[in-house]
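Just below is one structure, and these are the notes that go with it.
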Amino acid sequence: MKKIIFILLGCLLSYCSHKPEKLPFLGNSIDSGNDTIYPKIQDFSFTDQDSTIITNKTFENKIYVADFIFLSCPTICPKMNAELSQVYTVFKDNPKVGFLSHTIDPERDSIKRLKEYTIGAGITKNWHFVTGNRDSIYSIASKSYYSTAYKDSKEPGGYVHSGGFLLVDKNRFIRGVYDGTNPLETKRLICDIKILLKE
C-alpha cells in the first residue's frame, strides 16, 4: 500500500513540475483602455449542511473549488464527489482553501440530507454543501460559473448539469475549469491549487 502511495505522489510531482507558474483568468473579458476586466463571481447567500449561511465572505482571502451536483444523481455526481474528495484530502487542513458544492435539487436535498451525506463521506470542515432558492442556484451557475443546471424530466435523475470543477481565486475570479469525472483533471486541479496558493 505504501509503495502505491509513493508511486502516486511521484506521478503527481512529475505532473505538477510541467505546469505554468501563473494561471489564466477565465470568462468573457471586457477591454477598458489599457486594462482587461474579467468577470467576478456575483454575491451569493446559501445555507450549508450545518445550517450556516455561506456567502462570498465565507471565502474571503481564500481560494475555493465550486461545483454543481445533487445527491440522488444516478450518473456523474458520484464520480465527481469521489474525485473532489481526493482534492479535499490534500487540502482539507489548509485554511486558505475551501470547497463549495451547490445542490441543483434543493427540494430533495434538505439541510438534513446534506448533513447525513457529509457525515457518511467523512467531511468535517472547509467543504460546504449548500442549498437554497432553486432559481438563485441556477442563476449563479449560469451567470457566474458558466455552468449548466436546470430541470429536465427526460434526463436521468430529472436534471441536466455540467460536470466541471471551477477554481476561484481570493478575488472571486475563475482561474481554472476541470472535468470532474477525469482523474487526470483531478491531478491538474491539485497542481493548479498549489500554483494559485503561491500568488
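Tallying residues that are over 15 Å from the mean Cα position of the chain (by Cα) and free of Cβ contacts under 8 Å to residues at least 60 places away in the same chain within the stretch 150-197 yields 9. Applying the selection to the stretch 51-67, what residues are under 21 Å from GLU116 (Cβ atoms) and out of contact with any Leu (no Cβ under 9 Å at 6 or more places or on another chain)? Answer for the stretch 51-67, where residues must be under 21 Å from GLU116 (Cβ atoms) and out of contact with any Leu (no Cβ under 9 Å at 6 or more places or on another chain): SER51, THR52, ILE53. The residue that is modelled with the lowest pLDDT, counting only those in the stretch 1-51 that are open to solvent by less than 70 Å² (accessible area, probe 1.4 Å) and in a strand (DSSP E or B), is SER32.
Here GLY157 meets each of (1) open to solvent by 40 Å² or more (accessible area, probe 1.4 Å); (2) touching a helix residue (DSSP H, G or I) at 6+ places or on another chain (Cβ under 9 Å); (3) more than 18 Å from TYR64 (Cβ to Cβ) with one exception, condition (1). Of the listed requirements (1) part of a helix (DSSP H, G or I); (2) hydrophobic (A, V, I, L, M, F, W, C); (3) in contact with a Ser or Thr (Cβ under 6 Å, 6 or more places away or on another chain), PHE129 misses just one: (1). Here ASP109 passes the criteria (1) of a type in the set (D, E, K, R); (2) more than 20 Å from GLY163 (Cβ to Cβ); (3) open to solvent by less than 80 Å² (accessible area, probe 1.4 Å) except the one numbered (2). Taking the stretch 163-193 as the range and being open to solvent by 10 Å² or more (accessible area, probe 1.4 Å), in a helix (DSSP H, G or I) and under 22 Å from TYR38 (Cα atoms) as the test, no residue passes. Residues in the stretch 140-152 that are in a loop (DSSP other than H, G, I, E, B), surrounded by fewer than 20 Cβ atoms within 10 Å (Cβ to Cβ) and on the phi < 0 side of the Ramachandran plot: THR148, ASP152. Looking across ILE123, ILE137, one residue alone is in a loop (DSSP other than H, G, I, E, B), open to solvent by less than 40 Å² (accessible area, probe 1.4 Å), farther than 30 Å from GLU21 by Cα and modelled with pLDDT of 95 or more. It is ILE123.
The values are calculated or read from the model by the stated rules, or taken from the named source; none is laboratory data. Bear in mind that the values here come from a model prediction, so they are computed numbers and not experimental data. As a convention, Cβ positions derive from the backbone with ideal geometry for all residues, glycine included, and neighbour counts pool all protein chains shown. Only protein heavy atoms, including side chains, enter the accessible area calculation; ligands, DNA and RNA are left aside. Shrake-Rupley method; radii C 1.70, N 1.55, O 1.52, S 1.80 Å.
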